[in-house]
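So the structure is just underneath, and the comments pick up after that.
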Ligand code: GRF
């Protein structure tokens, strides 16, 4: 039986990538991680890929437009037999090239209860400064909008008014590191 081949996209620290790698390793997710894709040559997620022995395709956007970048990435992913793309702290908007090459096969995580605080690179900070009573985490299919595709899973978090921004961020990360692996496991099971 064909095992789903995942590609994990990240631009930074990669703590969500780490959580997903661990879930694959302990068989919570029944899939292979074919590769990690990163657009930032200095990102710590590259080190995580090395530690995990997972191929990492690092391709800077420098000197490439979005279509050129996405065409090169799509070619690599097709050669690797990737079935499902998982965006985990990937800080770019996807264009038509990847969306067309992988229709309904791209998932994203956003640290708010979408549609609230969508389309912002600092959803946690924005919720904190807005002093809303709750925020949370959303996992959704990626469409051609920004943080707008069909929602797959959400988990709410009541904000303690005494928390600092760092404490709120830490609580969000805890939810992400549980919810993303669990949700990916469910998607893979339904394939
Ligand atoms: C996470 O909060 C994720 O929701 C957002 O970017 C952040 C990435 O963090 N898209 P990390 O690189 O996984 O630690």
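Taken together, the values in this text are just the output of simple stated rules run on the coordinates, not laboratory data. On a predicted model such as this, the values are computed, not experimentally measured, just so you know. Every residue, glycine as well, gets a Cβ built from its backbone with ideal geometry; the counts of neighbours run over all protein chains shown.
Rg of the Cα atoms in region 1-65, relative to 2.2 N^0.38 Å, amounts to 1.14. Most simply put, region 1-156 has about 35% antiparallel DSSP beta bridges, counting only bridges with both residues inside it.
Could you tell me the relative contact order of region 9-135? Use alpha-carbon pairs under 8 Å, at least six residues apart, and round to a whole percent.
On the way: 147 pairs, mean separation 29.4, N = 127.
It rounds to 23 percent for region 9-135.
Remark: spin-label model distance residue 100-residue 25 equals 3.9 nm, labels positioned 7 Å along the Cα→Cβ axis. Spin-label pair residue 169-residue 186: with each label point 7 Å from Cα along the Cα-Cβ axis, the two points sit 2.8 nm from one another. Mean sequence separation of contacting Cα pairs (under 8 Å, at least six apart), scaled by the length of region 21-82, corresponds to a relative contact order of 30 percent.
If R0 is taken as 30 Å, the Cβ-Cβ distance between residue 44 and residue 131 corresponds to a FRET efficiency of 0.45. If each of residue 3 and residue 80 carries a label point 7 Å out from its Cα toward its Cβ, how far apart are those two points in nm? Modelled inter-label distance: 1.5 nm.
For residue 162 and residue 93, a Förster radius of 35 Å and the Cβ-Cβ distance give a FRET efficiency of 0.50, rounded to the nearest 0.05.
Using the Cβ-Cβ distance between residue 146 and residue 64 with R0 set to 25 Å, the FRET efficiency works out to roughly 0.75.
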